[in-house]
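The values are calculated or read from the model by the stated rules, or taken from the named source; none is laboratory data. All of these numbers come straight from a predicted model, not from anything done at the bench. Cβ atoms come from the backbone with ideal geometry, glycine included; neighbour counts cover every protein chain shown. Keep in mind that these areas ignore ligands, DNA and RNA; they rest on the heavy atoms of the full protein, side chains included. Shrake-Rupley method; radii C 1.70, N 1.55, O 1.52, S 1.80 Å.
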Amino acid sequence: MSNDLLETRKARARAWFESLRDDICAAFEAVEAGLPPAAPFADRTAGRFVRTPWSRSDHSGADGGGGVMSILHGRVFEKVGVHVSTVFGEFAPEFRKEIPGADADPRFWASGISLIGHPQNPHVPAVHMNTRFVVTTKAWFGGGADLTPVLDARRTQTDPDTIAFHVAMKQACDAHAGVAPYEKYKRWCDDYFYLKHRKEMRGIGGIFYDYVDSGDWDADFAFTQDVGSAFLRVYPELVRRNFATPWGPAEREEQLVRRGRYVEFNLLYDRGTIFGLRTGGNVDSILSSLPPVVKWP
């Protein structure tokens, strides 16, 4: 691949992630503004995103790119972060063997979007989505999306929210069946978002994929775009289905305890958290995935 073609692909991927960020932030602000007057917390002011740029240096101290944090604290979302970053440099020596292509040449470039939402209402599921394009001596796409209902009664495969979310992710895969086998990516998600020490799934699943390089870059990119677009269509609808449902102390307690599982997974197992911390990423952005209030009984 020529360097000019690679640079064009990098620019296209970065522009998409930033555009998707803008669309998701606008959609979430519309959800905040659209909370019905009789709904819990409707007397509060609708939340708006605050954007904070950040920069990094690689392990040698050289410029390593950066990103923009977008954080909202509102009446529908207790905390939601929609972040984009484009980072580059050299992997530290102890990290090179773990990344495809980095053992031959430690230089890398990575751009992506990462989102996590923790709603106020326990009847609204928490959510995570990220997609990325990574370049070493190899180049690939990765990402996925998963849903985490915080109430036991809603954390089933037959719940309407679960069904709708799985349908959206399946449609994104099926539109690109040559590069995105849905059943494989669904199983990968189930296996990945599993808390081994508790022997339980974090949520109800979704899709997860990595190292996607089919030989047809445009097809791989189109699939990654459709994952983001599918998320943008389905999740605001799931929020609107549930955000006016009343709740009480018992549901709040259950929500806070379930959030503890989220913390455990992200700090113990999440590859994105580990990658960000070990490559000098912005700590506030990386740990913004953690819920604002949580309990361990």
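Things to note:
- Qualifying residue in region 168-188 (condition: part of a helix (DSSP H, G or I), open to solvent by 10 Å² or more (accessible area, probe 1.4 Å) and under 24 Å from Leu256 (Cα atoms)): no
- Tally of residues being over 26 Å from the mean Cα position of the chain (by Cα) and exposed (fewer than 14 other Cβ atoms within 10 Å of the Cβ) across region 27-40: 3
- Flag for Leu6 being out of contact with any Leu (no Cβ under 6 Å at 6 or more places or on another chain) and open to solvent by 30 Å² or more (accessible area, probe 1.4 Å): yes
- Failed condition for Thr86, given (1) polar (S, T, N, Q); (2) farther than 24 Å from Ser229 by Cα; (3) open to solvent by less than 30 Å² (accessible area, probe 1.4 Å): (2)
- Residues that are out of contact with any Phe, Trp or Tyr (no Cβ under 6 Å at 6 or more places or on another chain) and among the charged types (D, E, K, R) number at least 3 in the following helices (runs of 4 or more DSSP H) confined to region 233-287: 249-268.
- Top-ranked residue of region 135-161 - restricted to ones that are buried (at least 23 other Cβ atoms within 10 Å of the Cβ) and among the aliphatic types (A, V, I, L, M), ranked as farthest from Val234 (Cα to Cα): Val150
- Residue in region 199-212 that is under 29 Å from Gly89 (Cβ atoms), in contact (Cβ under 8 Å) with a residue 40 or more places away in the chain, open to solvent by 60 Å² or more (accessible area, probe 1.4 Å) and in contact with a strand residue (DSSP E or B) (Cβ under 6 Å, 6 or more places away or on another chain) present: yes
- Residue pairs meeting the criteria (Cβ under 9 Å; at least 6 apart or on separate chains; first among the polar types (S, T, N, Q), in region 233-253; second assigned to a helix (DSSP H, G or I) and buried (at least 17 other Cβ atoms within 10 Å of the Cβ)): Asn242/Arg154; Asn242/Asp161
- Check on Glu18, in a helix (DSSP H, G or I), in contact (Cβ under 8 Å) with a residue 12 or more places away in the chain, of a type in the set (Asp, Glu) and within 30 Å of Leu256 (Cα to Cα): no
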